[in-house]
1. Tell me, please, whether a residue that is within 15 Å of the ligand (Cβ to nearest atom), in a strand (DSSP E or B), of a type in the set (A, V, I, L, M, F, W, C) and modelled with pLDDT of 95 or more can be found in the stretch 33-46.
2. What residue, among those in the stretch 47-69 that are closer than 13 Å to residue 34 by Cα and more than 10 Å from the ligand (Cβ to nearest atom), is surrounded by the most Cβ atoms within 10 Å (Cβ to Cβ)?
3. Six or more apart or on different chains, Cβ atoms under 8 Å: show the pairs whose first residue is in the stretch 27-42 and over 16 Å from residue 2 (Cα atoms) and hydroxyl-bearing (Ser, Thr, Tyr) and whose second is exposed (fewer than 15 other Cβ atoms within 10 Å of the Cβ) and modelled with pLDDT under 95.
4. Take the stretch 199-220 and flag every residue that is surrounded by 15 or more Cβ atoms within 10 Å (Cβ to Cβ), at pLDDT 90 or above and either within 25 Å of residue 64 (Cβ to Cβ) or over 14 Å from the mean Cα position of the chain (by Cα) (or both).
5. State which residue is nearest to residue 120 (Cα to Cα) when the search covers only the stretch 71-99 and only residues that are of a type in the set (S, T, N, Q) and surrounded by 18 or more Cβ atoms within 10 Å (Cβ to Cβ).
6. Looking at 165, 114, which is the one that is at pLDDT 95 or above and crowded, with 20+ Cβ neighbours inside 10 Å?
7. Could you please find all residues in the stretch 55-71 being within 13 Å of the chain's Cα centre (by Cα), more than 16 Å from residue 90 (Cα to Cα) and not basic (Lys, Arg)?
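The values are calculated or read from the model by the stated rules, or taken from the named source; none is laboratory data. Predicted model only: the values in this text are computed from it and were never measured. All Cβ positions, even for glycine, are placed from backbone atoms using ideal geometry, and neighbour counts span all protein chains on display.
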Amino acid sequence: MMLELKQVTKAYPVRRRRKGWFNKQDSEQAAVKQVSLELQRGECLGLVGESGSGKSTLAQCILGLEPLTSGEIWLDRQPIHTGKVKDVHLYKRIQLVAQDSSSSLHPRMTIRDILMEPLRNYFPERKAQAPDICLSLLEAVGLEAGSLEKYPSQLSGGQKQRVCIARALAVEPEIILFDEPVASLDTATQSSVLKLLKKVQVERQLSYLFITHDLQSTRTFCDRVAFMYQGEIVEVFKEWNEDLLQHEYTRTLFQTLVE
Ligand SMILES: Nc1ncnc2c1ncn2[C@@H]1O[C@H](COP(=O)(O)OP(=O)(O)OP(=O)(O)O)[C@@H](O)[C@H]1O
């Protein structure tokens, strides 16, 4: 096993309007409730749920960007929820590619600089090979070598998303968390980026947590699918058989699928 979430709960404080002196205590609302999940080595696990069901919060918790209210997260045999693992060590193993990742591309950096940065930080001993590694990363995500000299503003949305994927791959992580990675792309670009992600996953034996609203996209892409509803995982399945589903929400979602 690679990543294991044990009864993870994340609650945020909710400010209530004060009615009186004795009623001023803030309450909490759980965005993620008692979530237990496992992600195996080389597995692609889909995480599907409606808006506000807690999917992104869960990804933030895994990356240590949000402290847990309770529960544990283990990476192999090491707890990573305690805050004791340094960010640089965690990000070496787990990378995030989000829907708006392209806004994180520095507008004044060329694509070469953007890809060189993680190579310099994580593999300083590979300085001499770094230019070739940049080229192979571009090739892996289906971009031409000429893109290296370009700035993000000179690329399309789909190309920028590919750069974000290449930047995540540069770190050579074991796990990539994808939070709606293709949601802002047109249908044709979505399918080419998904094909590319699958190819890279198989080639590099990566584990993916693939967060999406779009159940249909998980059908060919994911090995297993977990459904999140109001902060809880209500169903995890492998077989695309409506009769095996337990929860009303997942059955309703299934009925929206195009055969
Ligand atoms: N920093 C925060 N402070 C307070 N509440 C938050 C915070 N972040 C998220 N929430 C709340 O937690 C719940 C889950 O949000 P989250 O973004 O994880 O859902 P999601 O399933 O990823 O939604 P979407 O698909 O729209 O991105 C929501 O009710 C949201 O308002």
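1. Yes.
2. 68
3. Going by the 8 Å Cβ cut-off, the qualifying pairs are 27/13; 27/14; 27/16.
4. 201, 206, 207, 208, 209, 210, 211, 212, listed by residue number.
5. Initially, the stretch 71-99 is screened for residues of a type in the set (S, T, N, Q), giving 78, 82, 95, 99.
Restricting the remaining residues to those that are surrounded by 18 or more Cβ atoms within 10 Å (Cβ to Cβ) gives 95, 99.
Values: 95: 16, 99: 25 Å.
Restricting to residues being of a type in the set (S, T, N, Q) and surrounded by 18 or more Cβ atoms within 10 Å (Cβ to Cβ), the top hit is 95.
6. On the way: 165 fails: at pLDDT 95 or above.
Checking each option against the conditions leaves just 114.
7. Of everything in the stretch 55-71, those that are within 13 Å of the chain's Cα centre (by Cα), more than 16 Å from residue 90 (Cα to Cα) and not basic (Lys, Arg) turn out to be 56, 57.
The rows are residues; the columns are (1) touching a Phe, Trp or Tyr at 6+ places or on another chain (Cβ under 9 Å); (2) not in a helix (DSSP H, G or I).
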| residue | (1), (2) |
| --- | --- |
| 109 | yes, yes |
| 112 | no, no |
| 117 | no, no |
| 121 | no, no |
| 125 | no, no |
| 133 | yes, no |
| 138 | no, no |
